[in-house]
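Asks: This is the structure I want to talk about, given as structure tokens.
Where a number appears in this text, it was derived from the coordinates with a stated rule and is not lab data. The structure presented is a predicted model; accordingly, all values stated were derived computationally and were not measured. Cβ atoms come from the backbone with ideal geometry, glycine included; neighbour counts cover every protein chain shown.
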Amino acid sequence: MAFDIEMIKGVYQQMRERVDKAREVVGRPLTYSEKILYAHLFDGMATQAYQRGESYVDFAPDRVAMQDATAQMALLQFMQAGKTKTAVPSTVHCDHLIQAKVGAKADLQDAIHKSSEVFNFLESVSNKYGIGFWQPGAGIIHQVVLENYAFPGGMMIGTDSHTPNAGGLGMVAIGVGGADAVDVMAGMAWELKMPKLIGVKLTGKLNGWSSPKDVILEVAGLLTVKGGTGAIVEYFGDGAESLSATGKGTICNMGAEIGATTSIFAYDDASERYLRSTDRNDVADAANELREYLRSDQEVYNDPERFYDQLITIDLDKLEPRLNGPFTPDLMTPVSKMKEIAGINGWPMTVEWGLIGSCTNSSYEDLSRASSIAKQAVEKGLETKASFGINPGSEQVRYTAERDGILKPFNDLDAVIFTNACGPCIGQWDREGADKEEKNTIVHSFNRNFKKRADGNPNTYAFVTSPEMVAAIAIAGRLDFNPMTDTLTNKNGEQVKLDPPVGDELPSKGFSYEDNGYQEPVADGSSVQVVVKPDSERLQLLESFPAWSGQNIMGAKLLIKAFGKCTTDHISMAGPWLRFRGHLDNISNNTLTGAVNAFNQETNKVLNTLTGEYGAVPDVARAYKAAGVPTVVVGDENYGEGSSREHAAMQPRHLGTVAVLVRSFARIHETNLKKQGMLALTFADKADYDKIQEADTFNFIDLTEFAPGKPLTIELVHADGSKDLIKANHTYNAAQIEWFKAGSALNLIKKQQA
Ligand code: F3S
């Protein structure tokens, strides 16, 4: 059973009364996200109005989704919680551990061969605890969730930062770390600070070459990678209602790139069409009965400024296609300006690859629009200058697209159709020649473009754009190609122009598949054996982190002062390291190896004050740990942006780091640090970052008075014996302080279970 209609009907039943009550308690009309949040309070009916950006609230999400890379650690933790079944419907999706190299069939076999131990582990844990299992090749988590599980008015969490993709179908869907998933699967409350609300009013209608991707690329350019932090981005307006459900999914998906808690669109005709097309008439019927609850109250639409903390208006009529990048998804360049800007910046103009797909842009509509460009190229006698790679989002989309002739034009252009999986989007791309680290440009329809993200080459300049623009630019082979004004020379030496893309929102003959790759868990999993070999290099059963001693932490040493951008990729690199996601000790050997040391501007080279020598970050950390010396990591703004993986918190913790002190945090990472029993602190005075010296000792002199809202005092002892006292802020509430005291949130669950 792909989805649970009875569960959805239950949610809808309580939604009416809970929303009515919340409106009364809050004393004003509600936005759509607020309706969903108040309908999912862990304790039932609202009894108080929560302050946005202030109050910590306990929620009861309806579902959990996990991808294979993060599911390993999430389920290793869940196995310790002492439960026999997950408390809410949950799914595992095998999409990250499949490398793209020669094409779907061979790559999939290779992945199954290389990662069978992990896939078998995930399959057996899924069976044991009643979790739906999507086999390797079934598709990318967010596309599969949108097609099967997302429903308007629902709330879900997922152990992947692009979980908000389901907001395209009206769900509050939030990316979390595995420890949060454990809470929900264990039937406990899931805590979140009541998000602020950013309203984005869309007017007009997309036309010509512009696409939903351009909406979010524009928003990312406006708000930057931090602009959405702590907020839900709610889209509305006549422009919003002109978009397809999957187009909205694209926009919500990339809300992760501005740090948003999630993004959402209200239920509308496009949502209904999508539900019916994906074989969920009963969900559409149930949603139709509740229509007014599945959108904001009318007053919100009439006077949005009154209800949102920030309001942005975008006119879709005027939206031009754009490319964001390189190296950050918020560096936005409209296509008409690319010639000039790329020239000024010296970006390599020749495009070597065009990649279409990922969870962001792999819907039927995406593929059909991009395909219309490829088809024109073939018909107009053009040859593609760059290579093409395609990752369909799911077997359902792939099968249907193949049936309808959508993949044929790509095949005619010698495109490689990779597995229905993440592939190059997560560095799982065995790209020929990438090891030479040559400067080159690629364009893709993914969401992230940090250095090394696609192929491991730090000199690959990756630009994010829509699938149709990827197609046009790959055919032209030039970054500055503007399909709206430029012509191309065909095989006969003629100048030809590409017409704007056309495509189908949904397949006219409906979706279809032979085997969608889903595996239902057995009814009674009690006898299922989960095997983790003691000598496995891929999987390792977890040991509990030690509880806090109750004493002030004294004599901690600086492990690294990270300079500038430090994403979760810098803290725990993906690519080849994905294979160790289920083995904490092994994956810890990549800890912070991508972070730039502020003192020498080099990566993976930090001072070991015990020896006076420089070493790799994990080695130095292990040396301190062996000597019984705790360590501190210092970071800059938006530390830990990017993925939701809790490895970025567990690894430093495993290597003996007790505190991470930064100018500011990305939300998920901050929570992950708290859950793993670490101190997640921010400089009360951001200028104090400059006071941290290379050989500093950190004394947490009032940790015994750790309390909500009360900054901690840190005594910095410099190498020359001089001292600085600095204040560190934190956002721990009383319950989170208990996690710290217990050594981790999981330790506390175990204690409570016992
Ligand atoms: Fe996969 Fe990339 Fe999405 S890694 S889940 S396709 S962001």
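Asks: Determine the calculated [θ] at 222 nm for the chain from helices alone, applying -39500 (n - 2.57) to every DSSP H run no shorter than 4 residues and normalising by the residue count; nearest 500 deg cm²/dmol.
Replies: After summing the helix terms and dividing by residue count, I get -8500 deg cm²/dmol.
Asks: A follow-up question, please. Give, as a single signed number, the net charge of other residues whose beta carbon lies under 10 Å from the beta carbon of MET155, with Lys and Arg counted +1 and Asp and Glu -1.
Replies: 0
Asks: Counting other C-beta atoms within 10 Å, and keeping those with at most 12, which DSSP coil chymotrypsin sites (Phe, Trp or Tyr not before Pro) do you find in segment 336-399?
Replies: Answer by residue number: there is no such site.
Asks: Grab the other residues whose beta carbon is less than 12 angstrom from that of ASP486, score K and R as +1, D and E as -1, and report the net.
Replies: +2
Asks: If you take the square roots of the eigenvalues of the alpha-carbon gyration tensor of segment 85-148 and sort them as a ≥ b ≥ c, do you get rounded (a/c under 1.5), prolate (a/b over b/c) or oblate?
Replies: Oblate shape, in that a/c is at least 1.5 and b/c is the bigger or equal ratio.
Asks: Could you list SER387, SER445, SER722 so that the one with the fewest beta carbons within 10 Å of its beta carbon is first and the one with the most is last?
Replies: Fewest-to-most Cβ neighbours within 10 Å comes out as SER722, SER387, SER445.
Asks: Relative contact order of the chain: what whole-number percent is it, with Cα pairs under 8 angstrom and at least 6 residues apart?
Replies: Result for the chain is 13 percent.
Asks: Here's another thing I want to ask about it. State which entries of LYS248/LYS451; LYS557/LYS723; LYS675/LYS741; LYS408/LYS509 exceed 21 angstrom in Cα-Cα distance in the structure shown.
Replies: LYS248/LYS451
Asks: Let me ask something else. When a/c is below 1.5 the answer is rounded, else prolate if a/b is larger than b/c, else oblate, so apply that to segment 370-485 with a ≥ b ≥ c taken from the square roots of the Cα gyration tensor eigenvalues.
Replies: oblate
Asks: On to the next question. Find the relative contact order for segment 602-734 and round it to a whole percent, using C-alpha pairs within less than 8 Å whose residues are 6+ positions apart.
Replies: Relative contact order for segment 602-734 comes out at 18 percent.
Asks: Another question, if that's okay. Provide the packing ranking of 584-592, 673-681, i.e. peptides ordered by the mean count of other C-beta atoms within 10 Å per residue, highest first.
Replies: Descending packing order for the listed peptides: 673-681, 584-592.
Asks: Show me 147-157, 97-107 ranked by packing, highest mean number of other Cβ atoms within 10 Å first.
Replies: 147-157, 97-107
Asks: Which order do peptides 234-242, 333-341 fall in by mean Cβ count within 10 Å, highest first?
Replies: Listed from highest to lowest mean packing, they are 234-242, 333-341.
Asks: Name the long-range amide H neighbours of GLY477: under 5 Å, sequence gap of 5 or more, or other chain; modelled H, no Pro or chain starts.
Replies: LYS385, ALA386
Asks: May I ask which residue of ALA472, PRO501, ASN589 lies farthest towards the positive end of the charge dipole of segment 454-603, with charges of +1 (Lys, Arg) and -1 (Asp, Glu) on Cβ and the Cα centre as origin?
Replies: Going by the charge dipole, the pick is ASN589.
Asks: So in segment 548-677, what percent of DSSP beta bridges are antiparallel if you round to the nearest 5?
Replies: The answer is about 40 percent antiparallel.
Asks: OK, next. To the nearest 20 debye, what charge dipole does segment 321-496 have about its Cα centre, counting +1 at the Cβ of each Lys and Arg and -1 at the Cβ of each Asp and Glu?
Replies: Charge dipole of segment 321-496: 300 debye, to the nearest 20.
Asks: Charges at C-beta only: +1 for Lys and Arg, -1 for Asp and Glu. How large is the resulting dipole of the chain about its Cα centre, in Debye rounded to 20?
Replies: 1020 debye
Asks: Continuing with the same structure: Classify segment 556-753 as rounded, prolate or oblate from the Cα gyration tensor: take a ≥ b ≥ c as the square roots of its eigenvalues, call it rounded if a/c is under 1.5, otherwise prolate when a/b beats b/c and oblate if not.
Replies: Here segment 556-753 falls in the rounded category.
Asks: Order by neighbour count: LYS375, LYS686, LYS509, fewest other Cβ atoms within 10 Å first, most last.
Replies: Ordered by Cβ neighbours within 10 Å, fewest first: LYS509, LYS686, LYS375.
Asks: Considering only the other residues whose Cβ falls under 11 Å of the Cβ of THR657, what net charge follows from Lys and Arg at +1 and Asp and Glu at -1?
Replies: Neighbourhood net charge equals +3.
Asks: Restricting the count to DSSP beta bridges whose residues both fall in the chain, what percent are antiparallel, rounded to a multiple of 5?
Replies: Counting only bridges with both partners in the chain, antiparallel ones make up about 35 percent.
Asks: Right, another one. For the residues GLU352, GLU468, GLU705, what sequence is obtained by ranking on other C-beta atoms within 10 Å, fewest first?
Replies: The most exposed by this proxy come first: GLU705, GLU352, GLU468.
Asks: A follow-up question, please. Among THR262, ALA342, VAL184, whose Cα sits farthest toward the positive end of the charge dipole of the chain (+1 at Cβ of Lys/Arg, -1 at Cβ of Asp/Glu, about the Cα centre)?
Replies: Result: VAL184.
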